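The structure under discussion appears below in the form of structure tokens.
The values are calculated or read from the model by the stated rules, or taken from the named source; none is laboratory data. Since the structure is predicted, the reported quantities are computational estimates derived from the model, not experimental observations. For neighbour counting, all protein chains shown are included, and Cβ atoms are generated from backbone atoms with ideal geometry for every residue, glycine included. Keep in mind that these areas ignore ligands, DNA and RNA; they rest on the heavy atoms of the full protein, side chains included. Shrake-Rupley method; radii C 1.70, N 1.55, O 1.52, S 1.80 Å.
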Amino acid sequence: MNSGADASDDVLMLAWTAGDAAAFELLYARHRGPLYRFLLRQIRDSALADEFFQDVWQRVIGARHGWKPDAQFSTWLFRIAHNRLNDHWRGLKHRPPTPEDGDERAARVPDPTTPERELSEFEQRRRLQCAIEELPEEQREVVLLRLEQELSLEEIGAITGAGRETVKSRLRYAMDKLRARLTE
């Protein structure tokens, strides 16, 4: 693969399925951060997120010949992650609680600027994070895919298996709940 980092995901995926290992390395480098953050925000356990991260990439490797260029690679990748999370939740039959040491972790965050400003920004981010965590699973997933991964409603629908209007509705209800929670 000579086109390198400028190549689209589709081109890289086609090259990889044809045997170009360097194309996979570029795909992995491009998507590892967003995928890991998505998994970590959903599961809230770094060890489990690490395990799922590896599992998703193993599934990508195993299913690479089944990928079709009509679906964007990122949509396909996040759909695999979504399905892996669903398998996990079905197995547990519940959502895990917020980590007990969450406040302690937050207190250890370094303050690179003025303490007052950072505290205010931190409190706002923490309030938003807590508000997102309080959303129902389906709404939280849509919000995270839209805001953090910057996916379109259609891409989110392809990942979650919901129609565009359902995704739009979940996003609207989630945003209403977040606004209400943050103005308290």
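Between the C-alpha center of the range 71-86 and that of the range 115-184 there is a gap of 18 Å. Just to be sure I understand, if you calculate Rg and Dmax of the Cα atoms in Å for this structure, which of [x] 18.9, 60; [y] 18.3, 55; [z] 15.5, 58 do you get? After the calculation, the listed value that fits is [y]. Under the simplified labelling scheme, the LEU147-ALA29 pair shows an inter-label distance of 3.1 nm, with each label point 7 Å from Cα along Cα→Cβ.
Sorted by accessible area (1.4 Å probe), largest first, how do ASP70, ASP10 line up?
So the residues, ranked largest to smallest area, are ASP70, ASP10.
Sorting GLU138, GLU133, GLU148 by accessible area puts them as GLU138, GLU148, GLU133; the probe is 1.4 Å, largest comes first, and only protein heavy atoms count. Estimated from helical segments only, the mean residue ellipticity of the chain at 222 nm is -24000 deg cm²/dmol, where each DSSP H run of four or more residues counts as -39500 (n - 2.57). Placing unit charges on the Cβ atoms of the charged side chains and taking the dipole of the range 127-181 about its Cα centre, the candidate lying farthest along the positive direction among ALA158, LEU178, GLN129 is LEU178.
Residue separation times 0.36 nm, minus the C-alpha to C-alpha distance between PHE122 and SER46: what's the value?
25.3 nm
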